[in-house]
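Bear in mind that the values in this text are calculations on the coordinates, not laboratory data. Everything quoted here is computed from the prediction, not taken from an experiment. So basically every Cβ, Gly included, is an ideal-geometry build from the backbone, and we count neighbours across all protein chains shown.
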Amino acid sequence: MKRLLRAAGLAVGLLGAAGAARAGEMVNGGKLLLTGGVTNVEGAGGGGLASWATITGYETVDGVGANVHGTMVNLPDYDFRAYGASLGFRDRIEVSYARQAFDTGATGAKLGLGSGFTFHQDVFGAKLRVAGDAVYAQDSWAPQVAVGVQFKHNDRGAIIKAIGGKDDSGVDYYVAATKVLLNQSLVLDGTLRATKANQAGLLGFGGGKKDDYSLQFEGSAGLLVTKRLLIGAEYRTKPDNLAGLKEDDWMDLFAAYAVNKHLSITAAYADLGEVATFKGQRGLYLSLQAGF
């Protein structure tokens, strides 16, 4: 928690300075609160677990936006942490980076890895809005649609091979459709992801059961209780590639609160099911995002 708060404080300072320096050159802040989404576990703009079609930041078609984030998930037998940054250009293109840490803690000794053994993964992402406008096309049923790609690299190649994973690097491809229904105060998203990733890549890619791409679904539904508060739920299906290491779908119940257009907080109850032979991996998800 202390690391997360320090990261958020640093982020606010850095982004505040950057925003002041560029205020005369960019048109920012044109989006409504929370309609650009928050930052998901892989660094892309969206929900907590799902990637959305929205472009990160509050920029309009004439500006540039940016975010930094810190995320933590406390589970009974593991801890997950991530931090990163993303840029949005003219509400059309998004590029992102996230550094993830999957800490086995005391469970590492039970798995024969050693106490505190940690998997690290770098995620580089890009997203392109190809059609629609999630917010301002209220007279149309059509959602905003974006296509995205994420390159992932894990630093524990030897362990991944030992547990039956085929590779320590992989690429995910996805197409997302997002719609904000202002009259109903609803935010809806559906995403299809082509992936080989085991536990989103934290345990490598491919395995003894399957080493081909599979199509997975990510869905989000949120209610704008106020202009600052979004509550909802997400569901993300997962491949099951590793022999002997069952992988369950992910889900969460979340609340995202925008303090202002520069700082938002997301809290959730996340259920990740079985992870590396340990069942019932449910716990608190907390993410801080700072940007413009």
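Worth a mention:
- Cα-based shape type of the chain, given that a ≥ b ≥ c are square roots of the gyration tensor eigenvalues and the cut on a/c is 1.5: prolate
- The long axis of helix 2-22 is offset from the longest Cα principal axis of the chain by roughly 30 degrees.
- Hz values of 3J(HN,Hα) by residue in the range 180-197 - Karplus curve (6.51, -1.76, 1.60), Gly and Pro given as x: 9, 9, 5, 5, 9, 6, 10, 10, 10, 8, x, 10, 10, 10, 9, 8, 10, 5
- Rounded to 0.05, the FRET efficiency of the Ser115 and Leu186 pair, given R0 = 41 Å and the Cβ-Cβ distance, is 0.35.
- About the centre of its Cα atoms, the range 142-232 shows a dipole size close to 180 debye [charges on the beta carbon of Lys, Arg (+1) and Asp, Glu (-1) only; nearest 20 debye].
- Normalised contact order of the range 2-291, rounded percent, pairs of Cα under 8 Å and 6 or more residues apart: 16
- Rounded if a/c under 1.5, otherwise prolate or oblate - the range 130-198, Cα gyration tensor axes: prolate
- Dipole orientation for the chain: of the candidates Ala255, Val135, Thr35, Ala255 has the Cα lying most toward the positive pole (charges on Cβ; Lys, Arg +1; Asp, Glu -1).
- The trypsin sites (Lys or Arg not before Pro) found in the range 184-292 that occupy coil by DSSP, while having at most 16 further C-beta atoms within 10 Å, are Lys209, Lys210, Lys227, Arg228, Lys246, Lys279.
- Positive-end residue of Gly157, His120, Val145, charge dipole of the range 101-192 with Cβ unit charges: Gly157
- About the centre of its Cα atoms, the chain shows a dipole size close to 440 debye [charges on the beta carbon of Lys, Arg (+1) and Asp, Glu (-1) only; nearest 20 debye].
- Inter-part distance, the range 119-153 to the range 182-219, computed on C-alpha centroids, equals 14 Å.
- Total formal charge among the other residues, if their Cβ is under 13 angstrom from that of Gly114, Lys/Arg +1 and Asp/Glu -1: +1
- In this structure, Asp212 and Asn74 have a Cβ-Cβ separation that, at R0 = 45 Å, corresponds to a calculated FRET efficiency of about 0.85.
- Remark: the range 202-211, residue by residue, has Karplus-estimated 3J(HN,Hα) of 5, 10, x, 9, x, x, x, 6, 7, 10 Hz, where x stands for each Gly or Pro and the curve is 6.51 cos²θ - 1.76 cosθ + 1.60 at θ = phi - 60°.
- Residue-by-residue Karplus 3J(HN,Hα) for the range 278-285, coefficients 6.51, -1.76, 1.60, Hz, glycine and proline x: 9, 7, x, 7, 10, x, 7, 10
- Whether the range 111-256 is rounded, prolate or oblate, judged on the alpha carbon gyration tensor where a/c under 1.5 counts as rounded: prolate
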